[in-house]
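As structure tokens, the structure follows; a few thoughts come after it.
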Amino acid sequence: EDKVVQSPLSLVVHEGDTVTLNCSYEVTNFRSLLWYKQEKKAPTFLFMLTSSGIEKKSGRLSSILDKKELFSILNITATQTGDSAIYLCAVETLNYGGSQGNLIFGKGTKLSVKP
Amino acid sequence: NAGVTQTPKFRILKIGQSMTLQCAQDMNHNYMYWYRQDPGMGLKLIYYSVGAGITDKGEVPNGYNVSRSTTEDFPLRLELAAPSQTSVYFCASGMIARPYEQYFGPGTRLTVT
């Protein structure tokens, strides 16, 4: 059975801290790994990773994928209260009829950044 | 652009009732998806569509039906609602070129009692 496991499930830090969120996966027909940020309502797309070792960066957020060890990390440096959210990791597979874009989500990591 | 819209925002159903969750997108996306998110759990794919007239089952399709008569609309039908269907339902859409970059609607919180 395909699965995506995120750790920790929740994390409380203070502003200015650096955090690392983990995502490991076991899926057949791996295509890509995605990170989403979910604040009060709908998830919003952060990164898509397909190749090992290539870091994606966007401001204070960065992510890297290790396809050999089947995991990814999401780093957030100099955290701010606005970073408080649930961070979802998802793996895109070619299952369910071979169509692209089918995502298997982890349970998420709830990050709380205290002032 | 309104993006992905969903109605209603909240709904309470009695066991055995039926309802349709509406989803519409105005971005001309071919791909559309329905997910459910239970408390403390990740999103699970219910049904998806790669274009008008084409739908297929996801990971948890039992108890649901969908149709896709137009590119814009992708309604989700619940027949004979059960307490296990209490969840938050998200609709999402994506482009053919980047189907993984999904745009999510605001969600519908459904309670079945």
- prompt: Say we look at the stretch B:92-113 and pick out the residues that are touching a strand residue (DSSP E or B) at 6+ places or on another chain (Cβ under 6 Å) and more than 9 Å from every other protein chain (Cβ to nearest Cβ); which of these is nearest to B:Trp34 (Cα to Cα)?
  reply: B:Ser93
task: Scan the stretch B:1-25 for residues that are within 14 Å of chain A (Cβ to nearest Cβ) and on the phi > 0 side of the Ramachandran plot and report the count.
output: 1
query: Consider B:Asp26 against the criteria (1) closer than 17 Å to B:Ile96 by Cα; (2) within 12 Å of the chain's Cα centre (by Cα): it satisfies all of them except one. Which criterion is unmet?
result: (2)
task: Identify the single condition in (1) more than 9 Å from every other protein chain (Cβ to nearest Cβ); (2) touching a residue at least 60 places away in the same chain (Cβ under 8 Å) that B:Arg68 does not satisfy, given that it satisfies every other one.
output: (2)
Candidate set from the stretch A:5-37 (those that are touching a strand residue (DSSP E or B) at 6+ places or on another chain (Cβ under 6 Å) and among the polar types (S, T, N, Q)); member that is surrounded by the most Cβ atoms within 10 Å (Cβ to Cβ): A:Gln6
message: I'd like the full set of residues that are assigned to a loop (DSSP other than H, G, I, E, B), small (Gly, Ala, Ser) and within 14 Å of chain B (Cβ to nearest Cβ), limited to the stretch A:14-50.
response: A:Ala42
message: If I ask for residues that are among the charged types (D, E, K, R) and either more than 8 Å from chain A (Cβ to nearest Cβ) or crowded, with 17+ Cβ neighbours inside 10 Å (or both), which ones from the stretch B:32-57 would you list?
response: B:Arg36, B:Asp38, B:Lys44
task: Being at pLDDT below 95, more than 27 Å from A:Val4 (Cα to Cα) and of a type in the set (D, E, K, R) is the filter here, so list the residues in the stretch B:42-98 that pass it.
output: B:Glu79
message: Could you check the stretch B:58-76 and list, in sequence order, the residues that are hydrophobic (A, V, I, L, M, F, W, C) and open to solvent by 50 Å² or more (accessible area, probe 1.4 Å)?
response: none
All positions within the stretch A:38-73 that are surrounded by fewer than 18 Cβ atoms within 10 Å (Cβ to Cβ) and within 15 Å of B:Gly42 (Cβ to Cβ): none
- line: By residue number, the members of the stretch B:8-30 that are open to solvent by less than 20 Å² (accessible area, probe 1.4 Å) and of a type in the set (Phe, Trp, Tyr) are none
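The values are calculated or read from the model by the stated rules, or taken from the named source; none is laboratory data. This is a predicted model, so every value here is computed, not measured. As a convention, Cβ positions derive from the backbone with ideal geometry for all residues, glycine included, and neighbour counts pool all protein chains shown. We work out accessible area using only protein heavy atoms, side chains counted, and drop any ligands, DNA or RNA first. Shrake-Rupley method; radii C 1.70, N 1.55, O 1.52, S 1.80 Å.
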